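A.B. asks: Before I ask anything, let me first share the structure, which is written out below as structure tokens.
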Amino acid sequence: STLFPYTTLFRSALAVWWAVSARGEGSFLTYMGLKGVSTKNRWRLWLLVAMTFVAFAAASLFALHLLGNVATAVSAFAGQGASAVPAILSYAIIHTSLSEELLFRGFLLKRLVGKFGFVVGNITQSLLFGLIHGIAFSSAAGPQAATGLAILTASIGYAMGYINERKAGGSILPSWCIHAAANVLATGNCC
């Protein structure tokens, strides 16, 4: 998606927020959930991550199908073949996945859970995640495709929030892995 074309500025804003409001709560990376996974059953966690990736990958490919000929952020790589692989990896892993995970699961979910509890926090972040993805494509794809995309994205956002907070000790690494792998698949599919 093209949600964060200014990712350096965006990540800097999160760092400023932390420095002003939560510096005493620990390091910036821990505050955002960019920390090691904490669980006794790692194999179950990574099985859940793999299953969620399959769902997210299917949703991503279905979303590309729904969008049809609508130009997406991944369209920039169309027809470039293997020479586009470094750009695809950078774009899919850092530019979109990391930025979106920092915002939705690292920043929003953690703050919302602290204020309203897990269920309300996770539902809220997932709805915002889906809504923003739907809005990004609404004018080009039409309301039905945009609504379908929003529902798919919100569902995956909820699952990733659940995995991070309930199964991985608050780490955003599982959702970042899922998101990055699905984006690489969707981006690589267009080349």
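The values are calculated or read from the model by the stated rules, or taken from the named source; none is laboratory data. The structure displayed is predicted, hence computed values, not measured ones. When we count neighbours, we look across all protein chains shown, and the Cβ atoms used for this are built from the backbone with ideal geometry, even at glycine. Just the protein is used for accessible areas: all its heavy atoms, side chains included, with ligands, DNA and RNA removed. Shrake-Rupley method; radii C 1.70, N 1.55, O 1.52, S 1.80 Å.
A.B. asks: Contact list please: Cβ distance under 7 Å, first residue in region 36-49 and under 19 Å from residue 158 (Cα atoms) and modelled with pLDDT of 90 or more, second residue open to solvent by 80 Å² or more (accessible area, probe 1.4 Å) and part of a helix (DSSP H, G or I), pairs at least six apart or on different chains.
C.D. replies: Close Cβ pairs (under 7 Å, with a partner that is open to solvent by 80 Å² or more (accessible area, probe 1.4 Å) and part of a helix (DSSP H, G or I)) amount to 45/167; 48/167.
A.B. asks: Right, another one. Is it the case that region 127-134 has a residue that's more than 13 Å from the chain's Cα centre (by Cα), assigned to a loop (DSSP other than H, G, I, E, B) and more than 20 Å from residue 17 (Cα to Cα)?
C.D. replies: Within region 127-134, none of the residues are more than 13 Å from the chain's Cα centre (by Cα), assigned to a loop (DSSP other than H, G, I, E, B) and more than 20 Å from residue 17 (Cα to Cα).
A.B. asks: Cβ-Cβ under 7 Å, sequence separation 6+ or interchain: first residue in region 140-160 and over 28 Å from residue 106 (Cβ atoms), partner buried (at least 16 other Cβ atoms within 10 Å of the Cβ) and aromatic (Phe, Trp, Tyr). Which pairs?
C.D. replies: Close Cβ pairs (under 7 Å, with a partner that is buried (at least 16 other Cβ atoms within 10 Å of the Cβ) and aromatic (Phe, Trp, Tyr)) amount to 145/137.
A.B. asks: Also: So residue 152 fits all but one of (1) under 22 Å from residue 41 (Cβ atoms); (2) touching a His at 6+ places or on another chain (Cβ under 9 Å); (3) of a type in the set (A, V, I, L, M); what number is the exception?
C.D. replies: Status for residue 152: all satisfied but (1).
A.B. asks: For region 75-89, indicate whether the set of residues that are under 19 Å from residue 156 (Cβ atoms), open to solvent by less than 30 Å² (accessible area, probe 1.4 Å) and either part of a helix (DSSP H, G or I) or without any contact (Cβ under 8 Å) to a residue 24 or more places away in the chain (or both) is non-empty.
C.D. replies: There is no residue in region 75-89 that is under 19 Å from residue 156 (Cβ atoms), open to solvent by less than 30 Å² (accessible area, probe 1.4 Å) and either part of a helix (DSSP H, G or I) or without any contact (Cβ under 8 Å) to a residue 24 or more places away in the chain (or both).
To keep it simple, each residue is scored yes or no on (1) modelled with pLDDT under 95; (2) under 16 Å from residue 54 (Cβ atoms); (3) among the basic types (Lys, Arg).
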{"residue": "142", "(1), (2), (3)": "yes, no, no"}
{"residue": "147", "(1), (2), (3)": "yes, no, no"}
{"residue": "150", "(1), (2), (3)": "yes, no, no"}
{"residue": "161", "(1), (2), (3)": "no, no, no"}
{"residue": "164", "(1), (2), (3)": "no, no, no"}
{"residue": "175", "(1), (2), (3)": "no, yes, no"}
{"residue": "178", "(1), (2), (3)": "yes, yes, no"}
{"residue": "184", "(1), (2), (3)": "yes, yes, no"}
{"residue": "190", "(1), (2), (3)": "yes, no, no"}
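A.B. asks: Consider residue 159 carefully, then state whether it is farther than 19 Å from residue 67 by Cα and either touching a Cys at 6+ places or on another chain (Cβ under 8 Å) or open to solvent by 20 Å² or more (accessible area, probe 1.4 Å) (or both). Before the answer, list the steps.
C.D. replies: Working: farther than 19 Å from residue 67 by Cα: yes; either touching a Cys at 6+ places or on another chain (Cβ under 8 Å) or open to solvent by 20 Å² or more (accessible area, probe 1.4 Å) (or both): yes.
Against the criterion (farther than 19 Å from residue 67 by Cα and either touching a Cys at 6+ places or on another chain (Cβ under 8 Å) or open to solvent by 20 Å² or more (accessible area, probe 1.4 Å) (or both)), residue 159 qualifies.
A.B. asks: A further question follows. Return yes or no: is residue 43 closer than 23 Å to residue 166 by Cβ, over 18 Å from the mean Cα position of the chain (by Cα) and among the hydrophobic types (A, V, I, L, M, F, W, C)?
C.D. replies: Criteria met by residue 43.
A.B. asks: Identify the residue in region 28-55 that is of a type in the set (Lys, Arg) and either in a helix (DSSP H, G or I) or closer than 14 Å to residue 173 by Cα (or both) and, among all such residues, is most open to solvent (accessible area, probe 1.4 Å).
C.D. replies: Only one residue tops the list, namely 44.
A.B. asks: Got a sec? Which of 115, 110 is among the charged types (D, E, K, R), farther than 16 Å from residue 163 by Cα, modelled with pLDDT of 90 or more and out of contact with any strand residue (DSSP E or B) (no Cβ under 9 Å at 6 or more places or on another chain)? Give the derivation first.
C.D. replies: Numbers: 110 fails: farther than 16 Å from residue 163 by Cα.
None of the others qualify; the one that does is 115.
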